[in-house]
1. Residue by residue through region B:343-368, note down the ones that are free of Cβ contacts under 8 Å to residues at least 40 places away in the same chain and part of a helix (DSSP H, G or I).
2. Exactly one condition in (1) more than 23 Å from B:S285 (Cβ to Cβ); (2) touching a Ser or Thr at 6+ places or on another chain (Cβ under 8 Å); (3) hydrophobic (A, V, I, L, M, F, W, C); (4) touching a residue at least 60 places away in the same chain (Cβ under 8 Å) is false for B:I159; which is it?
3. Please specify each residue of region B:114-164 satisfying the condition of being part of a strand (DSSP E or B), over 11 Å from the mean Cα position of the chain (by Cα) and of a type in the set (F, W, Y).
4. Under 9 Å by Cβ, and 6 or more places apart or on different chains, what pairs join a residue from region A:1-27 that is more than 7 Å from chain B (Cβ to nearest Cβ) and more than 20 Å from B:L98 (Cβ to Cβ) with one that is hydroxyl-bearing (S, T, Y) and surrounded by 18 or more Cβ atoms within 10 Å (Cβ to Cβ)?
5. Go through region B:64-83 and report how many residues are at the interface with chain A (Cβ under 7 Å from one of its Cβ atoms) and closer than 15 Å to B:A196 by Cβ.
6. Assess whether A:D404 counts as being more than 26 Å from A:T336 (Cα to Cα), in contact with a Ser or Thr (Cβ under 9 Å, 6 or more places away or on another chain) and among the acidic types (D, E).
7. Considering only region B:39-63, how many residues are more than 7 Å from every other protein chain (Cβ to nearest Cβ) and either at pLDDT below 85 or crowded, with 20+ Cβ neighbours inside 10 Å (or both)?
8. Looking at (1) closer than 22 Å to A:L441 by Cβ; (2) modelled with pLDDT under 95, find the lone condition where A:K402 falls short.
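The values are calculated or read from the model by the stated rules, or taken from the named source; none is laboratory data. This structure is a prediction, so every number in the text was calculated from the model and none was measured. Here the Cβ positions follow ideal geometry from the backbone for every residue, glycine too, while neighbour counts run over all protein chains shown.
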Number of protein chains: 2
Amino acid sequence: VLLEQQDGTVDLAGMRISAPDELGAEASLLGAALGLITAADGEITLSLDDELGPEAYALDVTAQGVAIVGGDAAGACWGAQTLRQLLPPATLAGEGGLVAPLVHVEDAPRFGWRGYMVDVARHFFTIEDLERQVEVAALHKVNRLHVHLTDDQGWRLEIPAWPRLTEVGGASEVDGGEGGWYTTEDWASLVAFAAARHVVVVPEIDLPGHAGAALAAYPELGASGEAVELSTSAVQSDAALSWEAEATPGFVSDVLAEVARQSPGAWLHVGADEVDEISEEDYASFVQLLRDEVVADGRTMVGWDEIGRVELEAPFLAQHWRDPDRALAAAEMGGTVIASPAEHTYLDLVYDGDADYGQVWAGAVNVEKAYAWDPTDEGLLEAEIAGVEGCLWTEYIDDVEKVDFMTWPRLAALAEVGWTAAADREWADFGERVSWDGARLEALGIGYYRSPELDWAEL
Amino acid sequence: VLLEQQDGTVDLAGMRISAPDELGAEASLLGAALGLITAADGEITLSLDDELGPEAYALDVTAQGVAIVGGDAAGACWGAQTLRQLLPPATLAGEGGLVAPLVHVEDAPRFGWRGYMVDVARHFFTIEDLERQVEVAALHKVNRLHVHLTDDQGWRLEIPAWPRLTEVGGASEVDGGEGGWYTTEDWASLVAFAAARHVVVVPEIDLPGHAGAALAAYPELGASGEAVELSTSAVQSDAALSWEAEATPGFVSDVLAEVARQSPGAWLHVGADEVDEISEEDYASFVQLLRDEVVADGRTMVGWDEIGRVELEAPFLAQHWRDPDRALAAAEMGGTVIASPAEHTYLDLVYDGDADYGQVWAGAVNVEKAYAWDPTDEGLLEAEIAGVEGCLWTEYIDDVEKVDFMTWPRLAALAEVGWTAAADREWADFGERVSWDGARLEALGIGYYRSPELDWAEL
């Protein structure tokens, strides 16, 4: 025997044992002895190929194993999610086998923004509640979690320099429940959880309207300077920050800088919607200030489509929810548009005539309505569109079951609107595929609306 | 999206996920989702290289992983066993880490036969008892399990055409215990268990002497034809098959063919030891018949060194236990010799003056005695020696604890005598290494004699 020993050691834990067919038995024996996995034939490999575009991937499942090639790490991740979707739905519950069909897939997203918004201001939801949805959303290649953090009824993110925002503003919610708020640590954990799944968290601090919680905490930000009660009503208050108030610019600067510090994503959402309480001139000044502060924080501003009314320097993103003309105006200034037209993407709207739950102000949004539309429908050019986002407002949504019910399967439809070229999308085809999604959601313990439009597959 | 599906599926269970460093997080996420192992860096590979000899191997442990190259599958298996020996002993109990030292090893056996014999006739031991020993013996690169299946006190292997062999002959043991026997299924499971570890099972049917159990079952095989009581004494009876008995040739032919049918290894051991009851001429006729039958069954005969007294056509193996002249005579006829000199290899002999257990007829066999000798000591040439075997006779060994105590660490010493060139063996060096073997045996739940010759390492 020749034995040469070098300094140092190596930890074999987690190593795979590989061997040609003729040594399969020996490899199995060693694997059993060491408690390691053996794969005599077959491997799942992830790799990168610059020639594929951002978020693009190729997936090959052969008898020899699986090869996932991503244009970038996100692409590799989406390829892996597609692999999970190809497996029996029970796999998502950690049950059943891992038998995959033999396929070759080449895939790339149409739009870079495929978002899901949750309003945690009207009703509070925990970090765990959000992570639960991120997990499922990412399986559908949703890559933005937009969190509507502040409104009249609550301020949900800790801003250490302005502690009353959460201490006072986070203490309630619609109908007077306990409310709640996220510490900076809570928020960091959500950001990291989402980032690991290539989902960017987009924090929204809604300014200068929808600001009741801020004014309840710091009345000096308002026109009157007088104390305001924290709203527990589902209806919007007339609370807005005052452009004249001395404290306002410092507050805006502090808050946005702190939110940026806590949120490494490229975007800060500043709301800027439904502000009727202040003059058009003050509104314009506000939006320009918000944009300047966001730029100073090294981020790109996102606002609701109302910002299309203001003269703004690109780059910025306008989230079109209501008025197509404002979206077109934003695009004309060089902004890009996130398509969230309420009549297709608002997840708080009722599904259909039979469903007993949901708002009706923009009509019913059944699954077909969520799917069979296009972001270019109202005149925007492809290049002017950042992507698509489904928005779950929570004035009347006060528990996780309702979040599930209103989100799924509509978010699956919206995710495909954001991912797949219009020419490749067809409602009948989608309906057949999404019916399997029910079994997947069930395996993940996620509720959904078994819309009568579809024949649902069983787990 | 381009999606092409082929017929068929692939099972991903047990596949490893590999990825370059920059996709380590994505690979981990997929691994967690699918319950699969991820190894971004490092792999244990087994492979074959014809240029290495039989049972030879090279083992490289580097920071990148482990490469085991075998000259054949057995060599790869021995390389894997060396890897196990390099790991902390607790690993063998499935505990602790898998941290290995960085080494380069090139290794090959000196002899092809490194055996362990268990006498299951005097006292019966179950298949599980034997498998337990095979597991440990294989860790020491022992590659033959010789089972002494028949003797005066018991017949332990089912021979369907001669059912009384086990029904009558298997019903007792020394001191009148319950005895027992193996069904053909039991035996097949032992053969398979051992084969998976590259241990060949060598069945021994001891003929024509040591035949009391056969005569108890079928008196017509004896000279008198009269019924014989199954012996429960530790002392050898004078029972022998009669060369004149009409039933004898058919019995011998049936039994050896059946044992060969049940035992795919290349060798049948026919005993042929200590036959003083019949004439020298009849003995020679018996041994020649046994050899002819074994050849007819496509196997090579093994007999104890008494067969050296008989004119025999090679190939055959003589197992030298007592008389060096008989071993030399066997070699002169072209036979090869398994070295089992009692004074070094008999595991039923007492360890030393302090040990309170064991036979003494050939003196004490302490660990040094089992190690510091060579199969060539009595004049055999290297090429005339098949290898080495340790023999555990069980007249006075009636439980698994005694099997452990008498076998270990002496079998470790004998295994090294069989594996390692004489020039590379040194008692002091072995003593240091075998002291760690105690910790390994302890981890495997195997007892052993903590001989005062050695400083024993603790687990």
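1. The one that is free of Cβ contacts under 8 Å to residues at least 40 places away in the same chain and part of a helix (DSSP H, G or I): B:E343.
2. Condition (1) is where B:I159 drops out.
3. B:W155, the sole residue that qualifies.
4. Final answer for the pair search is A:G24/A:T38.
5. Matching residues across region B:64-83 total 4.
6. Details: more than 26 Å from A:T336 (Cα to Cα): yes; in contact with a Ser or Thr (Cβ under 9 Å, 6 or more places away or on another chain): no; among the acidic types (D, E): yes.
It is false that A:D404 is more than 26 Å from A:T336 (Cα to Cα), in contact with a Ser or Thr (Cβ under 9 Å, 6 or more places away or on another chain) and among the acidic types (D, E).
7. 8
8. (2)
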